[in-house]
Amino acid sequence: MKAVALDLGRGAEMTPLLQIAPDSDDRLLLADPDSGLLLIRSDAPGHDRIGWGVLGSCLPVRFPECLRLPDAAVTPFAVQPGQMLMPESCAVALRIDAAAGSWVGVWRPAGRRLHHLAAPEGWLAGSGFWSRDGVLGLPYANGETACAVAHLEAPADVERAAGQATPGCPGSGMQPSAAVAPPPVCRPVPLGKAPLVGRMAPD
């Protein structure tokens, strides 16, 4: 499985967008037009994982360990807009599904940590939107509220001392599952050849 780019302005011209390895399944999950941040899912590291890259960058796709949770499914659903030329500063909202239920994760490429946040009761799981100022809106409906939007501020990424565990990352003891196994060491893989020339920032 591969991702392709379809240019409607050129008669629906189709070109490859994402190919990490010849035999890997590479899927594009989210793409932010302002920063060029791409969220992908691929089995190129040896098993299915979430990675990120930047459209037009020569750097390889990276697969953060903080986005690899045992016994939980992680799915990105919204990227903070308006971060022109600053893809690593974009806040990304993720839906986390486990036996205990569903909740919200917030992660930034530069922060390298996953924040776990409680979702409002009746959240329409997997739906939401970011403001340019880093406020996450989550639509919900429950017995007390017919329809509303909860607003969550994106947590700040605080630097931690060397050797100190980061909440939400392997080894911190704060995983949603106690079955934490040391992740294998994976070499970064290239984003692949893509139609990256001519990309312009929006007005």
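For segment 88-108, a residue qualifies if it is under 16 Å from W130 (Cα atoms) and open to solvent by less than 20 Å² (accessible area, probe 1.4 Å), and the qualifying residues are C90, A91, V92, A93, L94, V104, G105, V106, W107. Taking each residue of segment 29-48 that is closer than 20 Å to C90 by Cβ and assigned to a strand (DSSP E or B) and looking for partners that are open to solvent by less than 50 Å² (accessible area, probe 1.4 Å) and of a type in the set (D, E) with beta-carbon atoms closer than 6 Å, six or more apart or interchain, yields S42/D26. Listed by first and then second residue, the pairs linking a residue in segment 128-144 that is under 15 Å from P155 (Cβ atoms) to a residue that is surrounded by 16 or more Cβ atoms within 10 Å (Cβ to Cβ) and among the polar types (S, T, N, Q), with Cβ atoms under 7 Å apart and 6 or more places separating them unless they lie on different chains, are W130/Q80; G134/Q80.
Among residues of segment 51-62 being more than 13 Å from A31 (Cα to Cα) and in a strand (DSSP E or B), the one that is least open to solvent (accessible area, probe 1.4 Å) is V61.
When segment 29-50 is filtered for residues that are open to solvent by 50 Å² or more (accessible area, probe 1.4 Å) and out of contact with any strand residue (DSSP E or B) (no Cβ under 8 Å at 6 or more places or on another chain), the ones remaining, listed by number, are P33, G46, H47. Residues in segment 8-28 that are part of a strand (DSSP E or B), open to solvent by less than 60 Å² (accessible area, probe 1.4 Å) and not hydrophobic (A, V, I, L, M, F, W, C) were compared, and the one that is farthest from P109 (Cα to Cα) is T15.
Among the residues of segment 1-35, which ones are under 21 Å from the mean Cα position of the chain (by Cα) and among the aliphatic types (A, V, I, L, M)? Once the filter is applied, which keeps residues that are under 21 Å from the mean Cα position of the chain (by Cα) and among the aliphatic types (A, V, I, L, M), segment 1-35 yields M1, A3, V4, A5, L17, L18, I20, A21, L28, L29, L30, A31. Please go through segment 63-99 and give me each residue that is touching a Cys at 6+ places or on another chain (Cβ under 6 Å), assigned to a loop (DSSP other than H, G, I, E, B) and without any contact (Cβ under 8 Å) to a residue 60 or more places away in the chain, ordered by number. Listed by number, the list holds a single entry, Q83.
Scanning segment 109-127 for residues that are in contact (Cβ under 8 Å) with a residue 40 or more places away in the chain, out of contact with any helix residue (DSSP H, G or I) (no Cβ under 6 Å at 6 or more places or on another chain) and either part of a strand (DSSP E or B) or surrounded by 20 or more Cβ atoms within 10 Å (Cβ to Cβ) (or both) yields G111, H115, H116. One residue alone among R27, R108, R132, R113 is under 25 Å from A150 (Cβ atoms), at pLDDT below 95 and touching a Ser or Thr at 6+ places or on another chain (Cβ under 9 Å), and that residue is R113.
In segment 63-86, the residue that is farthest from S131 (Cα to Cα) out of those that are open to solvent by less than 20 Å² (accessible area, probe 1.4 Å) and touching a Pro at 6+ places or on another chain (Cβ under 9 Å) is L69.
The values are calculated or read from the model by the stated rules, or taken from the named source; none is laboratory data. In this text, all values refer to a predicted model and were calculated from it rather than measured experimentally. FYI the Cβ positions are ideal-geometry reconstructions off the backbone, even for glycines, and counts take in every protein chain you see. Side chains are part of the model used for accessible areas, which takes the heavy atoms of the whole protein and leaves out ligands, DNA and RNA. Shrake-Rupley method; radii C 1.70, N 1.55, O 1.52, S 1.80 Å.
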